[in-house]
Structure formats: structure tokens, C-alpha cells
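Comments concern the structure below.
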Amino acid sequence: MKIPGARPSFSKEDINEIVSQVTKSLESGILSSSTNVKEFEKQFSNYVGQKYPIATNSGTSALEASVRALDIKNSEIIVPTNTFIASPNSIINSGNIPVFADMEEDSFAINLGSVREKITKNTKAVMVVHIAGLVHPKIEELKEFCKEKGLYLIEDCSHVEGAELGNKKAGTFGDVSCFSFYATKVMTSGEGGIVLTNNEEIYNRGRMFISHGRNFQSDQEEYIEVGTNLRMSELNAIVGLQQLKHLEEFIKKRNEIVKTLKEKLQGLLTFQVHPSNAKHSYYKLLGVHQKETLDLIKTMRSKYEIEVASLYYPPCHLQPVYRKLGHKEGECPVAENVLKRLIALPIFVDMTEEQMDFLSSSIKKELA
Ligand SMILES: Cc1ncc(COP(=O)(O)O)c(C=O)c1O
């Protein structure tokens with residue numbers, strides 16, 4: 001029985017609706033920057049509760065657009081080392097320097113003490129990454145700290161569509177927030193992303209950047225900066241709109257699956273904390289073992305065809321690309337120690353009881 005690392009959920013009705021909307025779009029001949037993208041921007045930003053949305057063709061694009069939108073150049077941006085490589089890469093691609101901070105051992109979120117240590121005169125922003133469905137439990141403290149130091153706060157919400165902390169949605173804490181709708185995420189548009197902000201200036205700069213640097217205030221076709229094209233297509237927006245209808249139900253289902261898996265694996269792994277004021281969207285279920293899990297992950301994949309994974313090992317600062325830039329062991333000791341003992345269990349909406357049993361019994365067998 002194969003268990004994929006992730007699997008998007010589309011009912012028969014969803015597929016019919018998507019096909020019908022795609023057909024309409026193809027018949028109209030208008031495949032970009034039209035009603036579906038606008039509707040997706042409107043519905044997603046309303047759902048999160050932010051004023052200005054910019055739909056993009058990926059989460060990576062959303063991250064770069066948001067840094068560009070803040071108009072930061074040649075500056076340091078603090079980012080956790082335990083994130084997908086796109087987070088620090090977006091900092092470099094926007095002409096800035098990523099500075100890696102360490103993580104908390106229980107939430108896997110960026111460590112505030114480490115952020116404080118890494119600040120220099122050249123720091124302009126902190127990019128927080130909410131991990132695996134959990135909004136950083138200390139996000140208010142981090143927000144306050146950024147305000148006090150005059151730093152922008154960028155939220156990478158790629159893992160946390162619909163998640164909340166203290167009844168506040170992921171994506172409402174930062175000056176700007178970015179989401180990914182890649183096919184493995186809590187909701188998907190195939191490929192896609194979105195930038196959200198409440199600040200009109202940030203919005204205008206972001207919109208300009210993803211549209212070749214176009215000045216939308218001018219009635220002529222005028223380009224005022226070097227931008228690029230990172231726009232979402234109508235077809236991706238159609239898929240995203242259909243998924244958004246089910247997001248709450250997806251999150252509920254993910255929480256139910258996690259409850260079952262945690263019961264089955266009780267005592268074997270130390271799971272990511274789930275504070276009582278958090279609505280977790282469980283992109284993945286993260287557990288830490290006393291011993292290294294790197295071989296366990298390989299065995300689970302080869303022997304059982306279960307796509308468990310690491311999240312994220314090696315951490316970004318030890319990836320060859322960042323070693324080449326001078327990063328090395330000792331920079332983020334908690335991440336270096338914990339991430340090699342971590343295992344990310346797949347969670348997807350249509351996971352069956354049988355798959356949950358197989359997943360937990362196989363892990364139990366290998367850990368015995
Ligand atoms: C934390 C994080 N940031 C950024 C991204 C990039 O998103 P995308 O794959 O949509 O470009 C991802 C997802 O893959 C991610 O997990």
C-alpha cells in the first residue's frame with residue numbers, strides 16, 4: 001500500500017466544476033489577469049482578512065515579490081534555517097542577504113533569542129516561517145520586537161493556509177505575508193501563490209514588480225522599474241477557487257487524522273507542540289525521535305513506499321549552495337541537532353483508516 005507524501009483532494013463535483021469553469025475560460029479566450037484571478041484574490045484576501053491581494057504563479061514568486069514590494073536592497077533579512085530553500089533564495093533574488101536564525105525545539109519556529117543575536121545595523125526585516133501548519137506561538141512577541149527595532153515582518157505562510165493563533169489568521173501579523181498553493185499544500189491551485197498586505201504602498205510596489213515594473217497609475221503603458229512576470233493564470237485561479245470552498249473542511253479533516261495518528265504513535269515520537277490557542281492546519285505531522293531518523297526515512301520510503309520526509313534536513317545554512325557562501329556547522333546548533341531526528345508524516349485529506357494503520361504500524365516496527 002503506497003502512501004504519498006501529500007495528495008490534493010478533489011471530489012467528482014469539484015472536478016466537474018473545475019472542468020466547466022476551465023471550458024468557459026478557454027471558450028472566452030481570456031486566460032490571464034481576468035475574472036477568475038480577481039475573484040480568487042478577493043475571496044482569499046477576504047478569508048484571511050487582509051485588504052490587498054496579489055496572486056502569483058508560485059509561493060516562491062510571492063516571497064520575492066513581497067521583499068521587492070518592501071523596497072529593501074543590499075540589506076540583511078533574518079530567516080530561519082529550517083525552511084524550504086525558496087525562503088532564503090527569495091532574499092538573495094531580491095538583492096538582499098539572508099541571515100540564518102535558529103529554531104525553537106518544540107514548535108520548530110524561529111527562535112527569538114537567535115533573532116536578537118543576529119541583528120546588525122544592516123538588518124531590515126525578519127522573515128518568519130510558520131512551520132507545518134502552526135502559526136509561530138510567539139508571533140505577537142516577534143511582531144512587537146520588529147516594531148521596536150524598526151524591522152519589517154514578512155510572513156511565509158506556505159504551510160498554514162487557514163491556521164490561526166488566538167483567533168487571528170496566519171497572514172495577518174506581518175507587514176506582508178505570502179502563501180503557496182503548490183500541489184502538496186493545505187489547499188492548492190496546482191502552482192500558485194499570493195501576497196497579502198494592508199499597506200497600499202507595499203501593494204502597489206508588489207503589483208508593479210510582478211507586472212514587469214508597470215506603473216498602473218499612468219494611463220500610458222509606462223514601466224518605471226525593472227520588474228518581471230510572476231502573475232497567476234486564470235486556470236490556476238479556477239482550481240484555487242474550488243479548493244478555497246473546502247479549506248475549513250480540509251483543516252478539520254487534517255486535525256482528525258492527526259488525532260488518530262498521535263494516539264497510534266503515542267510515546268514513540270515527541271510531536272510538535274499544539275498550543276491550546278492555536279488552530280493548526282497540519283500541513284504535516286512532525287515528530288522528533290531520540291535517535292537520528294535519516295535512515296528510518298529512507299527505509300520507510302524504500303521498504304514500505306511511505307513518503308515520510310525530513311523537514312528540513314540539511315537545514316538551509318548547511319545546503320551546498322549556502323556552504324559555498326560561507327555558512328557552516330555551529331551557526332544554528334538546535335536545528336543541526338534536532339532536524340536530523342525529525343520525521344514529517346504525510347497528512348492528506350483523503351487518507352484512509354487503512355493507510356493510517358499501515359503508516360503507524362510500519363513506523364512502530366522500524367522503531368522497535
Ligand atoms: C516554507 C516554504 N516557503 C516557500 C515555498 C515555495 O512555494 P512554491 O513551491 O509554491 O514556490 C514552500 C513550498 O514549497 C515552502 O514550504
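Observations, loosely collected:
- The separation of segment 196-246 from segment 1-77, counted between C-alpha centres, amounts to 11 Å.
- Cα pair distances of segment 248-317 binned at 5 Å [whole percent]: 3, 13, 20, 25, 21, 12, 6, 1
- Anisotropy class of the chain from Cα gyration tensor, a/c 1.5 cut: oblate
- Taking the helices alone, the chain has a mean residue ellipticity at 222 nm of -12000 deg cm²/dmol, built from -39,500 (n - 2.57) per DSSP H run of at least 4 residues and averaged over all its residues.
- Packing-based exposure ordering (other Cβ within 10 Å, fewest first) of K12, K298: K12, K298
- When Rg and Dmax are taken over the Cα atoms of segment 284-344, they come to 12.7, 38 Å.
- Relative contact order %, the chain, counting alpha carbon pairs below 8 Å whose residues are six or more apart: 23
- Cα centroid separation, segment 275-343 to segment 257-272 (Å): 17
- Relative contact order (%) - criterion: Cα under 8 Å, at least six apart; region: segment 174-315: 16
- Footprinting exposure proxy for I194, I78 (fewest neighbouring C-beta atoms within 10 Å first): I78, I194
- Ranked list, fewest to most other Cβ atoms within 10 Å of each Cβ, for T60, T184, T35: T35, T184, T60
- Straightening the chain between I92 and T260 buys 56.4 nm, computed as 0.36 nm per residue apart minus the Cα-Cα spacing.
- Label point 7 Å beyond Cα of K291 along Cβ direction - residues of segment 347-361 with amide nitrogen under 18 Å: 361
- Pairs of Cα atoms farther than 11 Å apart, segment 42-90, %: 74
- Using a Förster distance of 41 Å, the FRET efficiency for K2-E329 (Cβ separation, nearest 0.05): 0.70
- Under the Debye formula (equal points on every Cα, no solvent term), log10 I(q)/I(0) of segment 28-187 at q = 0.10, 0.12, 0.14, 0.15 Å⁻¹: -0.34, -0.49, -0.66, -0.76
- Translational D in µm²/s for segment 247-367 (Stokes-Einstein at 10 °C, 1.306 mPa s, Kirkwood Rh from C-alpha pairs): 102
- Full extension of the segment from D350 to I15, taken as 0.36 nm per residue of separation minus the current Cα-Cα distance, would add 119.1 nm.
- Cross-link pairs beyond the 20 Å C-alpha cut-off, checked among K185/K279; K143/K185; K262/K303; K118/K328; K168/K252; K12/K262: K143/K185; K262/K303; K12/K262
Read the figures in this text as sums done on the coordinates, not as results from a lab. Note that this is a predicted model, so its numbers are computed, not measured. Glycine gets a Cβ as well: all are built from the backbone with ideal geometry, and neighbour counts include every protein chain shown.
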